[in-house]
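Worksheet: the structure to be examined is printed underneath.
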Amino acid sequence: PALADMLGYTVDEMLGRSLFDFLDADERSIAAAKLERCRAGVAERHDSKLVDKQGNPVWAAVNAAPLLDDAGEYCGSLAVVTNVTGRRAAEARFRALVHQSSDITTIVEFDGTWRWSSAAGTRVLGYPEDFHHEAGIFSLLHPDDVELARRAFREVMAGSRGLDDPVVLRVRAADGTWRYLETVASNLLDDEAVHGVVLNSRDVSERIRVEEELRVSERRFRAVVQNASDVVTVVDADGTITYTSPSVEKVLGYAPEEFIGTQTRDLIHPDDA
């Protein structure tokens, strides 16, 4: 009755009909092969796409085992069928989200062996979706970053590094350039649905480039200001000095730190105030 309810039939409507009448057309050849394996004495577990009375798809997890008569001969199959349509829909949504994400999701084994990467890996690094480097994922890293990556991986495996502790690594793209990826990892080896270490990597190459340009600009500015003969002073809205360049000592005889926190009006001649 549970299967009949699942598909919108009565038990009498289903009895005597072929199993294949309730399967999606694309599933029938697969089911035939599974049935042959069952006849050969092999138990099977798989997901099948059934069709209800209204023609709607129903995904079911099927656990099938061969039935043997007293002589040990195959005489049929026993199947336990569970409706997993909701689970399949959730999985489809998850796959769509992962596929569209700008972050690269990668699953590796406990020893770092590369198992799977999401489509973002192709978009960011340019490798085809079925790309797999025989030397493993560490072979794509800049030589100077390999030890950092291995140390971080060991810390993830030991449980001392979590999702709030990312590491930035240089990864070689398909065109030979280096991309900066900020990566966090989760040890899901004990999760029966994953059985691996999950890496989430975000391309931060542009951020690194901007930060480096900013550092260069700041170094250049400091060099110019520190060596200028003019006195450069920064004051806030109230006239309090928050910075003055070292040249103030040559011009006015004050050490720069003596100026910090003083008022500009206290330094100006009364006739010029």
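Table for the structure above
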item	result
Complete set of residues in the range 116-144 that are open to solvent by 60 Å² or more (accessible area, probe 1.4 Å) and modelled with pLDDT of 80 or more	TRP116, ARG123, PRO128, PRO143, ASP144
Test result for THR113, free of Cβ contacts under 8 Å to residues at least 60 places away in the same chain, under 35 Å from the mean Cα position of the chain (by Cα) and either farther than 30 Å from LEU199 by Cα or open to solvent by less than 40 Å² (accessible area, probe 1.4 Å) (or both)	no
Residues that are in contact (Cβ under 8 Å) with a residue 12 or more places away in the chain and within 20 Å of HIS142 (Cα to Cα), drawn from the range 181-206	LEU181, GLU182, THR183, VAL184, ALA185, LEU199, ASN200, SER201, ARG202, ASP203, VAL204, SER205
Among residues of the range 73-100, those that are under 15 Å from the mean Cα position of the chain (by Cα) and open to solvent by less than 60 Å² (accessible area, probe 1.4 Å), counted	2
Failed item in (1) surrounded by fewer than 11 Cβ atoms within 10 Å (Cβ to Cβ); (2) at pLDDT 90 or above; (3) of a type in the set (D, E, K, R), with ARG151 passing the rest	(1)
Residue within the range 6-17 that is under 21 Å from ARG88 (Cα atoms), modelled with pLDDT of 90 or more and among the small types (Gly, Ala, Ser) present	yes
Any pair with Cβ under 7 angstrom, 6 or more apart, that starts in the range 139-165 at a residue that is within 18 Å of GLU182 (Cβ to Cβ) and without any contact (Cβ under 8 Å) to a residue 60 or more places away in the chain and ends at one that is of a type outside the set (S, T, N, Q) and assigned to a helix (DSSP H, G or I)	LEU141/ALA149; VAL146/PHE138; ALA149/PHE138; ARG150/PHE138; ARG161/ALA152; ARG161/GLU155
Residue count, the range 53-67 (criterion: in contact with a Phe, Trp or Tyr (Cβ under 8 Å, 6 or more places away or on another chain) and assigned to a loop (DSSP other than H, G, I, E, B))	1
Test: ARG209 is closer than 30 Å to ALA255 by Cβ, of a type in the set (D, E, K, R) and loosely packed, with under 12 Cβ neighbours inside 10 Å	no
Subset of the range 249-263 (residues that are open to solvent by less than 50 Å² (accessible area, probe 1.4 Å) and among the β-branched types (Val, Ile, Thr))	THR262
Enumeration of residues in the range 159-195 that are touching a Lys or Arg at 6+ places or on another chain (Cβ under 9 Å), open to solvent by less than 60 Å² (accessible area, probe 1.4 Å) and part of a strand (DSSP E or B)	VAL167, ARG170, VAL171, LEU181, GLU182, THR183, VAL184, ALA185
Residue under evaluation SER29, criteria (1) in a helix (DSSP H, G or I); (2) among the polar types (S, T, N, Q); (3) buried (at least 16 other Cβ atoms within 10 Å of the Cβ), criterion not met	(3)
Hits in the range 220-248 - residues which are open to solvent by 70 Å² or more (accessible area, probe 1.4 Å), among the charged types (D, E, K, R) and either under 19 Å from ALA273 (Cβ atoms) or at pLDDT 90 or above (or both)	ASP238
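The values are calculated or read from the model by the stated rules, or taken from the named source; none is laboratory data. In this text, all values refer to a predicted model and were calculated from it rather than measured experimentally. Neighbour counts are summed over all protein chains in view; Cβ atoms, including those assigned to glycine, are modelled from backbone coordinates with ideal geometry. Please note that ligands, DNA and RNA were not included when accessible areas were found on the heavy atoms of the full protein model with its side chains. Shrake-Rupley method; radii C 1.70, N 1.55, O 1.52, S 1.80 Å.
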